[in-house]
Amino acid sequence: MLTFSIFSIFVTGGLAAGFLTGLLGIGGGAVMVPILYHSFLSWGWEPRVAVSTAIATSLSVMIFSGAKTTWEYRRQGLIDWRLLRWVVLGSIAGTASGAHLMLAADERTIRLGFGLLMWLLALLTIAPVYPLSRVAQEVPERRATYFAVGILAGLLAAMFGVGGGAILVPALVLLARVSIHKAIASSAAAIVFSALLSTSDYVYQGWSSHSIETGTLGWIFLPAMLILGVASLISVPYGTKLALRMAPQNLKYGLATLQAGIGIKIIFFG
């Protein structure tokens, strides 16, 4: 089953996911989910089982890559721990229902929703925020806003396996008025919590709800998790170093381009 070609694809996907986590704080699920999904289909798995296992496995890998990225950005002093506290509390609430919604929906609905979400986020990411910057210092800390952003990020992370970073980064820039670099750093830290909660939920729900090949823990395919996880740890530092050297506007355009491309791939090419 796990041929050399599939192993190589998993390694490449893990390296790309880790690099993107460090660079953009998005978790890398947008790369891992399609790779895992099509690999499982090639093994003859049912589409429903393939997409559920791909999402769950992707989330489990984000625990490793997110923790490594958090450590790298913590050394630079870029994580806003006060903001993160409320975002994480919100993500706990969102994650609790996200996995249940995903497992109850059909595969086509999941892909369409994921693709449309990516297009919307691409537009939000490059939306001009300079009119708001004039009053940024006058706006009090919005704990309710941070909490709501966390709920949305946790919900969508559990549903689509994207770690929530694709939501958090543009939301923190637009709503919380933080810099793109701090948004990426804080998003990476939040990914650890949302991915851990989502992974635990998928393990619990999949423990006795399906029967596929050996090597699974609930809905998580352990061999893929280990390969992708180790590969992602290797590439995370390179992504964080590049992010710290890039101008904020270039980071925004890079994130928006990736989001738009993912939306096209998911909707039109499966």
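The values are calculated or read from the model by the stated rules, or taken from the named source; none is laboratory data. This is a predicted model, so every value here is computed, not measured. So basically every Cβ, Gly included, is an ideal-geometry build from the backbone, and we count neighbours across all protein chains shown.
So here's what we get for this one:
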read-out	value
Residues of the stretch 123-163 satisfying the condition of being under 28 Å from I262 (Cβ atoms) and at pLDDT below 65	P128, V129, Y130, L132, G161, V162, G163
Where a residue in the stretch 1-18 is within 10 Å of S39 (Cα to Cα) and its partner, wherever it lies, is hydroxyl-bearing (S, T, Y) and in a helix (DSSP H, G or I), with Cβ under 9 Å and at least six apart	I6/S39; I6/S42; I9/S39; F10/S39
Answer residue from the stretch 161-201, given it is without any contact (Cβ under 8 Å) to a residue 60 or more places away in the chain and surrounded by fewer than 24 Cβ atoms within 10 Å (Cβ to Cβ) and is farthest from K252 (Cα to Cα) among those	S200
Any hit, the stretch 235-243, residues being under 24 Å from F40 (Cα atoms) and surrounded by 15 or more Cβ atoms within 10 Å (Cβ to Cβ)	no
Residue match in the stretch 66-88 (condition: of a type in the set (S, T, Y), within 26 Å of S232 (Cα to Cα) and at pLDDT below 90)	no
Residue within the stretch 214-229 that is at pLDDT 85 or above, assigned to a helix (DSSP H, G or I), within 16 Å of the chain's Cα centre (by Cα) and surrounded by fewer than 24 Cβ atoms within 10 Å (Cβ to Cβ) present	yes
Pick from the stretch 244-270, criterion within 17 Å of the chain's Cα centre (by Cα) and within 13 Å of I184 (Cα to Cα), ranking: surrounded by the most Cβ atoms within 10 Å (Cβ to Cβ)	L255
Residues that are out of contact with any helix residue (DSSP H, G or I) (no Cβ under 9 Å at 6 or more places or on another chain) and either part of a helix (DSSP H, G or I) or at pLDDT 90 or above (or both), drawn from the stretch 1-17	F4, S5, S8
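Each row is one residue, and each column tells you yes or no for (1) touching a residue at least 40 places away in the same chain (Cβ under 8 Å); (2) β-branched (V, I, T); (3) touching a strand residue (DSSP E or B) at 6+ places or on another chain (Cβ under 8 Å).
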position: I26; (1), (2), (3): yes, yes, no
position: G29; (1), (2), (3): yes, no, no
position: E46; (1), (2), (3): no, no, no
position: A56; (1), (2), (3): yes, no, yes
position: T69; (1), (2), (3): yes, yes, no
